[in-house]
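First comes the structure, then the notes that go with it.
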Amino acid sequence: MITIEHLKKTFKKNKVEAVKDVSLEIRDGEIFALLGPNGAGKTTTMRMLSTLLLPTSGKIFFDGKELKPNDEQIRSRITFLTNEIRLDGQFTPDELADYYGGLYEMPNEKINSRKDELFDYFGISEFRNRRYDTFSTGMKQKTSLAICLLHDPDTIIFDEPTNGLDILTQQLIEAYLLKLKEQGKCIILSTHILDLVARMADRVGIIVDGKSVFCGTVAELPGSQGVETIDQAFIKLYKENHEEKAIVGRHGNG
Amino acid sequence: MRGVGKIFHHEMKKIVKEKSLLFGFILLPVLTLFVTVGISMLQPKSTGENVETYSMFFYGLDITSYNIGSLDDKQIWIKKIDAAPADFVTSDEFHHSDVLVDLSNIEKVTIYYYGSNTISSYLKMSAEAFVRETFDMAFRGQSSGASFRSVELTDINEKDTTNRMIAMLLPYMLILPLTANIANFASDTIAGDKARGTFYQVMLSPVPPLSLIMGKIFSVSLISLVSSGVYIGIDVLGSKICEAANVKDVFGFAGVSVSVGEILLILLYAVLLCYLFSNLGVLISLFCKDANQAQTAQIPVTLVCTLASMMSMFRFGTSPSSHYLIPVYNICLIFQDLLNARAKMENMAMVAISLLVLAVGVLILTLASYKSEKVRT
């Protein structure tokens with residue numbers, strides 16, 4: 001289980017307050033959808049969760065243990081996949097799996113068995129000895145996903161995992177996420193596709209202007225806002241919280 | 001240092017798989033060998049030394065310079081020197097055609113000359129005759145039966161002279177390709193990875209930052225060292241070809257004699273230098289968005305290092321101890337000292353320690369930078 005308490009991140013360089021106050025609770029064996037408009041602070045929050053960035057203040061707990069900078073133990077239990085992350089194009093999926101498996105200190109037998117399992121599932125086996133840079137976008141994404149999941153992490157953080165993929169690949173990835181959920185993994189999913197949230201997520205967290213404005217089950221989201229659908233609830237929450245900021249801004253300017 | 005070997009191995013494989021890099025830094029120098037040898041064959045063979053006059057230097061004799069005749073249309077001059085003979089004969093003022101007579105010890109006069117040079121050998125004979133005649137007369141005048149016999153003839157080691165040119169050039173020949181190679185490889189290793197989006201996946205792994213940085217530095221160091229070794233090797237090979245083909249040696253290595261120990265010491269310093277440059281390259285690369293930006297950012301470093309190596313080419317005699325503390329310049333000095341067989345233990349130690357201290361300092365800075373937001377966003 002992951003607990004986020006009053007997380008804040010201000011970038012030193014441009015003094016941008018990307019995350020102002022985010023508090024969330026993400027449980028094991030669930031798919032947690034992180035929603036928010038562009039620039040709300042979702043990616044920064046996920047980067048802090050994945051240990052890529054240090055929070056300015058606030059705390060993150062993994063199973064009650066506070067996340068420290070360069071916490072290798074926690075790092076070996078999580079994975080983070082975004083569209084920005086690519087793999088070295090000169091290598092084949094086989095070579096990449098061996099390399100990343102080695103970085104996670106996996107024994108060779110484990111690497112091989114995981115490779116076979118994941119490559120078979122994502123349909124990469126046939127191309128496992130072909131260079132990564134010769135692959136199509138979808139194949140690259142599937143390979144990245146297989147490599148990210150190679151070390152069998154407990155916590156899986158995905159930033160728009162099905163973005164730009166064809167429907168078949170999307171379904172394949174969605175099915176695998178459900179399989180991981182059944183295995184008791186903790187899955188954090190950032191997406192703009194509300195339909196995907198409705199279909200797959202158990203609980204949802206909404207961030208607007210760097211603040212968490214909702215954290216609860218998908219089912220209770222519309223009711224909590226007095227509307228009928230997730231879309232309506234999201235828009236309502238956004239308008240309320242974004243407008244509030246705009247008013248403060250105007251007041252601030254005199 | 002868990003994972004450093006894996007990072008190193010992966011980086012090396014990456015470089016080997018990148019054929020354009022291999023072509024530019026390993027194969028291209030090999031191809032230039034044939035071109036340079038070809039050009040060399042078209043040039044006329046060197047006819048000897050380009051000196052205006054021949055000199056017979058005297059140490060320990062208070063005389064004013066005067067002309068004693070001519071040889072091959074060139075004037076022969078007698079000159080007085082104040083510098084210590086051992087240092088003077090290794091300086092650039094002393095040419096292959098000259099001789100030096102050391103009169104500091106009247107009991108044993110030493111004549112320095114170049115046995116391989118006809119002019120110098122001829123002047124040596126004249127100097128020896130002059131010394132023997134003069135001192136025999138002086139001794140005979142002092143006491144009956146005494147005679148002056150002790151003239152020591154020192155054929156200056158071939159190495160001291162042929163190595164002088166390469167000692168002047170080697171720092172430049174080594175540092176220029178080294179800095180250029182490192183700028184390229186180091187730029188790609190982190191800034192290139194960042195641009196391609198492959199850096200974050202490694203950052204997310206449980207490999208400690210020190211291992212990640214060291215793995216990258218070691219791979220950049222090794223490939224740059226190999227590449228620079230190829231450049232030097234090509235020059236040595238080129239000299240050998242020129243020597244065998246009896247054409248002008250444009251590579252500068254003909255006749256150079258270096259002991260195994262000296263080669264090992266030069267290699268040791270080259271490794272240290274390589275590590276330091278690679279570390280600097282990786283540090284700069286950390287703050288750049290892509291390989292092109294990193295290469296541009298490394299230009300000042302390359303320029304400063306090249307300038308330092310060029311400055312060392314124009315130094316004469318020995319340098320003060322403090323110069324052995326100036327990074328990069330100090331390694332040029334020690335290369336020259338090693339090749340001119342005048343390296344001092346304390347200077348060698350000073351250079352090694354100063355490079356190590358600097359390298360550790362840069363590594364600490366690199367590790368601190370690795371954790372910074374600018375690198376991670």
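The values are calculated or read from the model by the stated rules, or taken from the named source; none is laboratory data. Bear in mind the structure is a predicted one, so any value in this text is a computation, not a measurement. Note that each Cβ is placed from the backbone with ideal geometry, even for glycine, and that neighbours are counted across all protein chains shown.
Taken over the range B:100-127, the criterion of being of a type outside the set (Phe, Trp, Tyr) and under 20 Å from B:Asn340 (Cβ atoms) is satisfied by B:Leu100, B:Asp102, B:Thr110, B:Gly115, B:Ser116, B:Asn117, B:Ser120.
Within the range A:187-195, is even one residue more than 30 Å from A:Gly89 (Cα to Cα) and either surrounded by 16 or more Cβ atoms within 10 Å (Cβ to Cβ) or not charged (D, E, K, R) (or both)? Checking the range A:187-195: at least one residue is more than 30 Å from A:Gly89 (Cα to Cα) and either surrounded by 16 or more Cβ atoms within 10 Å (Cβ to Cβ) or not charged (D, E, K, R) (or both).
Residue check: A:Ser50 meets all listed conditions (1) surrounded by 18 or more Cβ atoms within 10 Å (Cβ to Cβ); (2) among the small types (Gly, Ala, Ser); (3) not assigned by TED's automatic domain parsing to the domain that holds A:Lys181 but one, namely (3). Listed by position, the helices (runs of 4 or more DSSP H) inside the range B:180-270 whose residues that are modelled with pLDDT of 85 or more and over 17 Å from B:Arg376 (Cβ atoms) number at least 1 are B:209-245.
Counting only residues that are of a type in the set (D, E, K, R) and in contact (Cβ under 8 Å) with a residue 12 or more places away in the chain, which one in the range A:115-129 is farthest from A:Gln141 (Cα to Cα)? So, considering only residues that are of a type in the set (D, E, K, R) and in contact (Cβ under 8 Å) with a residue 12 or more places away in the chain, the one farthest from A:Gln141 (Cα to Cα) is A:Lys115. In the range B:100-120 there is at least one residue matching the filter, namely being more than 20 Å from B:Asp62 (Cβ to Cβ) and without any contact (Cβ under 8 Å) to a residue 12 or more places away in the chain. If the Cβ limit is 6 Å and pairs must be 6+ apart or interchain, which residue in the range B:268-296 that is farther than 22 Å from B:Val351 by Cβ pairs with which residue that is part of a helix (DSSP H, G or I) and acidic (Asp, Glu)? So the pair list comes out as B:Ala291/B:Asp188. Which of the residues spanning the range B:205-248 are in contact (Cβ under 8 Å) with a residue 40 or more places away in the chain, more than 14 Å from chain A (Cβ to nearest Cβ) and of a type in the set (S, T, N, Q)? Of everything in the range B:205-248, those that are in contact (Cβ under 8 Å) with a residue 40 or more places away in the chain, more than 14 Å from chain A (Cβ to nearest Cβ) and of a type in the set (S, T, N, Q) turn out to be B:Ser221, B:Ser224, B:Ser227, B:Ser228, B:Asn246.
What is the residue count in the range A:29-47 for residues that are over 23 Å from A:Lys239 (Cα atoms) and surrounded by fewer than 17 Cβ atoms within 10 Å (Cβ to Cβ)? Let's see the steps before the verdict.
Going residue by residue through the range A:29-47, those that are over 23 Å from A:Lys239 (Cα atoms) are A:29-31, A:46-47.
Restricting the remaining residues to those that are surrounded by fewer than 17 Cβ atoms within 10 Å (Cβ to Cβ) gives A:29.
Residues in the range A:29-47 being over 23 Å from A:Lys239 (Cα atoms) and surrounded by fewer than 17 Cβ atoms within 10 Å (Cβ to Cβ): 1 in total.
The condition (being in contact with a strand residue (DSSP E or B) (Cβ under 7 Å, 6 or more places away or on another chain), among the aromatic types (Phe, Trp, Tyr) and at pLDDT 90 or above) is satisfied by just one residue among A:Phe61, A:Phe11, A:Phe91: A:Phe61. For B:Phe218, state whether it is of a type in the set (Phe, Trp, Tyr) and under 26 Å from B:Ala343 (Cα atoms). No, not satisfied.
The residues of the range B:100-123 that are in a strand (DSSP E or B) and more than 24 Å from B:Ile166 (Cβ to Cβ), listed by number, are B:Val101, B:Asp102, B:Val109, B:Thr110, B:Ile111. Going by what's in this entry, would A:Thr79 be described as of a type in the set (Ser, Thr, Tyr), assigned to a loop (DSSP other than H, G, I, E, B) and buried (at least 16 other Cβ atoms within 10 Å of the Cβ)? No: the conditions fail for A:Thr79.
Could you say whether any residue in the range A:81-88 is modelled with pLDDT of 90 or more and among the hydroxyl-bearing types (Ser, Thr, Tyr)? Looking for residues that are modelled with pLDDT of 90 or more and among the hydroxyl-bearing types (Ser, Thr, Tyr), one finds none in the range A:81-88, hence no.
Taken as a whole, the structure leaves A:Glu174 outside the set of residues that are away from chain B (no Cβ under 14 Å) and exposed (fewer than 15 other Cβ atoms within 10 Å of the Cβ). Selection over the range B:62-92 of residues that are part of a loop (DSSP other than H, G, I, E, B), without any contact (Cβ under 8 Å) to a residue 40 or more places away in the chain and either under 25 Å from B:Gln336 (Cα atoms) or in contact with a Phe, Trp or Tyr (Cβ under 9 Å, 6 or more places away or on another chain) (or both) gives a count of 3. Taking the criterion of being away from every other protein chain (no Cβ under 14 Å), without any contact (Cβ under 8 Å) to a residue 60 or more places away in the chain and among the hydrophobic types (A, V, I, L, M, F, W, C), the only residue of the range A:5-46 that qualifies is A:Leu7. Considering the range A:70-88, and only residues there that are farther than 20 Å from A:Glu105 by Cα and facing chain B (nearest Cβ under 7 Å), the residue that is farthest from the chain's Cα centre (by Cα) turns out to be A:Arg86. Can you name the residue in the range A:96-114 that is within 8 Å of chain B (Cβ to nearest Cβ) and either farther than 15 Å from A:Pro153 by Cβ or of a type in the set (S, T, N, Q) (or both) and is also surrounded by the fewest Cβ atoms within 10 Å (Cβ to Cβ) among such residues? The qualifying residue surrounded by the fewest Cβ atoms within 10 Å (Cβ to Cβ) is A:Gly102. Filtering B:Ser312, B:Ser354 for residues that are in the same structural domain as B:Tyr275 (by TED's automatic domain parsing), modelled with pLDDT of 85 or more, hydroxyl-bearing (Ser, Thr, Tyr) and not in a loop (DSSP other than H, G, I, E, B) leaves a single hit, B:Ser354.
Taken over the range A:1-28, residues that are surrounded by fewer than 16 Cβ atoms within 10 Å (Cβ to Cβ), within 15 Å of the chain's Cα centre (by Cα) and not basic (Lys, Arg) amount to 3. Evaluated against (1) touching a Leu at 6+ places or on another chain (Cβ under 6 Å); (2) buried (at least 16 other Cβ atoms within 10 Å of the Cβ), A:Pro69 falls short on exactly one condition, (2).
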